[in-house]
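Contents: one structure, followed by commentary.
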Amino acid sequence: MRRNKQEITDKSEIERIITVAEVARLAINREGGAPYIVPMNFGYEGGTFYFHSAGAGLKLDLLKADPRVCIEVENLSTFKKDGKDSPCDWGMDYKSIIATGRAEFITDFDEKAKALKAVIAKFADEQAFPMSEKAVNAVTVFKVEAPRLSAKRSS
């Protein structure tokens, strides 16, 4: 990281940033190297991001062709002028995470249900939403293990 003073290394603060974030941006590689980015709901547990999707579509086609991904989450993003007149002195107040890894499709029923519970837990008590076998089998679920994360805050 170029600006070390902006780096966040405290693991509990990094976990808090991920917990508070409601959307992850998943960057995928298109054929020929062009990036494709998709905002997605996600779950996170033990260094692993979980995502769910419909059973078909461009995102899944691209992940099957090249599973390398980059994930970005941020929170507390607010515009700040701080009484400064010049737009060159304005900025954003934020905390963000960047993670890279490989998307792995989950087909095992129990692991898939666990992943979906992690996604639901971000928004509601997962106990309030029992999942039928039909519901679990109706979606595609994939994970990205991210043992190393880069985190930073605005200066």
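The phi torsions of region 51-58, fed into the Karplus equation with coefficients 6.51, -1.76 and 1.60 and a -60° offset, translate into couplings of 9, 10, 7, 4, x, 8, x, 4 Hz, rounded to whole numbers, with Gly and Pro shown as x. Only helices enter this figure: runs of n ≥ 4 DSSP H residues, each worth -39500 (n - 2.57), summed and divided by the residues of the chain, yield -6500 deg cm²/dmol at 222 nm to the nearest 500.
Its residues counted as N, the chain yields a C-alpha radius of gyration over 2.2 N^0.38 Å of 1.17. Couplings 3J(HN,Hα) of region 7-20, computed from phi: 5, 9, 10, 5, 4, 5, 5, 4, 4, 4, 4, 5, 5, 6 Hz, in residue order, whole Hz [Karplus 6.51 cos²θ - 1.76 cosθ + 1.60, θ = phi - 60°; x for Gly and Pro]. Farthest toward the positive end of the dipole of the chain, out of TYR44, CYS70, MET92, is the Cα of MET92, where the dipole comes from beta carbon charges about the Cα centre. Taking the Cα centre of the chain as origin and assigning +1 to Lys and Arg Cβ atoms and -1 to Asp and Glu Cβ atoms, the resulting dipole is close to 420 debye.
A full extension of the chain between GLU45 and THR9 corresponds to an added length of 11.1 nm, given 0.36 nm per residue minus the alpha carbon distance. Once the Cβ-Cβ distance between MET131 and THR19 is put in as r, and R0 is 22 Å, what FRET efficiency do you end up with, to the nearest 0.05? Efficiency, from the Cβ-Cβ distance: 0.50.
Place a point 7 Å from Cα of ARG153 in the direction of its Cβ. Which residues in region 15-44 have their backbone N less than 14 Å from it? In region 15-44, the label zone of ARG153 (backbone N under 14 Å from the point 7 Å along Cα→Cβ) covers 15-18.
No value in this document is a laboratory result; all are computed from the given coordinates. From a predicted model like this one, the values you see are computed outputs, not experimental measurements. Virtual Cβ from ideal backbone geometry, glycine too; neighbours counted across all protein chains shown.
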